[in-house]
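Presented below is the structure to which this report refers.
Any read-out appearing in this document is the output of simple, stated calculations on the displayed coordinates, not a laboratory observation. Everything numeric here is computed off the predicted structure, so don't read it as measured data. Cβ atoms come from the backbone with ideal geometry, glycine included; neighbour counts cover every protein chain shown.
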Amino acid sequence: MEIQGRSCVVTGGASGIGRALCRRFAADGARGVVVADRDGDGAAAVAEEIGAGAVAVAVDVAVEEEVQEMVARAEAAFGDVDLMFSNAGIGTGGGVDVSDEGWQNIWEINVMSHIYAARAVLPKMIERGEGYIASTSSAAGLLSQIGSAPYAVTKHAAVALAEWIAITHGNEGIRVSVLCPQAVRTAMTAGGPGVAGVDGMMEAEEVAEIVVRAIEQERFLILPHPQVQEYMRRKTADYDRWLNGMRRLRDRFLAGA
């Protein structure tokens, strides 16, 4: 799908990857860009920078009613949503000992927000026989996240959801992509990339360029760090060997922390 002439909604659009996507979609001639974020002032600043053809929406993506209202405002401003990019997400550390409240919070933002976004746009997309749903997961959703069980689990779930939508609705004209980067220079990595920086830190603008190319080619899996594909091959080729390698990586990371 070409971005030119399309209506795009980006959650988490006030900063990081989301902001870079909003800027890039506008530069590529999108009919409209909805910059959606819990940080309403930040979203407004990005929309103002883009200028005509962009509107800001303050939204808590963990609340389905707010997501529905976000889509309604997008439709009122620019017509049917062509591309829903459910990008908002959070990170946290810890293992199975993380509180129920902590698990629920990251689940709502990293998983349920993607479900709410799909619910909001799928019916009309299916009715007209075309539409694009993209979401941001992480390389952790394909591999794992050393030091964070909640992040690893929720990002795996985000990938699984994207797969299911692609399988179930692909023959109805719905195209799906899931973005799975390693370390990107955003607020989430401001304190350092951690173990995700093993293959270097990428700029958000570089990621946005790769995303646009992938959407043009309608590729499901978007891997800004190409090494991730090889890690996936090793994982599926010999799961036990891969687990042993991940344990060694964890030990090295903890020794250097």
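In the list (1) 70, 37, 29; (2) 53, 39, 34; (3) 55, 41, 41, the label attached to Cα extents along the principal axes in Å as derived from the coordinates here is (2).
Between E209 and V96, residue separation times 0.36 nm minus the direct Cα-Cα distance comes to 37.1 nm. In terms of packing, defined here as the mean over residues of other Cβ atoms within 10 angstrom, the peptides 224-237, 118-131 line up highest first as 118-131, 224-237.
Give me the percent relative contact order of the stretch 1-101, please, defined on Cα pairs under 8 angstrom at least 6 residues apart.
The normalised contact order for the stretch 1-101 reaches 30 percent.
Is the shape of the stretch 212-255 rounded, prolate or oblate, going by the alpha carbon gyration tensor and its root eigenvalues a ≥ b ≥ c, with a/c under 1.5 for rounded and a/b larger than b/c for prolate? Here the stretch 212-255 falls in the oblate category. Ranked by the mean number of other Cβ atoms within 10 Å per residue, highest first, peptides 51-63, 88-100 order as 51-63, 88-100.
Compared with the alpha-carbon gap, the fully stretched path from D39 to A160 is longer by 40.8 nm at 0.36 nm per residue.
Sorted on the mean count of surrounding Cβ atoms within 10 Å across their residues, most packed first, peptides 209-218, 64-73 read 64-73, 209-218. Multiplying the residue separation of E130 and D251 by 0.36 nm and removing their Cα-Cα distance gives an extension gain of 38.8 nm.
Taking only C-alpha pairs under 8 Å that are 6+ residues apart, what is the relative contact order of the chain in percent? 17 percent. If you average the alpha carbon positions of the stretch 1-77 and of the stretch 230-257, how far apart do those two centres end up, in angstrom? Distance between centres, Cα-based: 37 Å.
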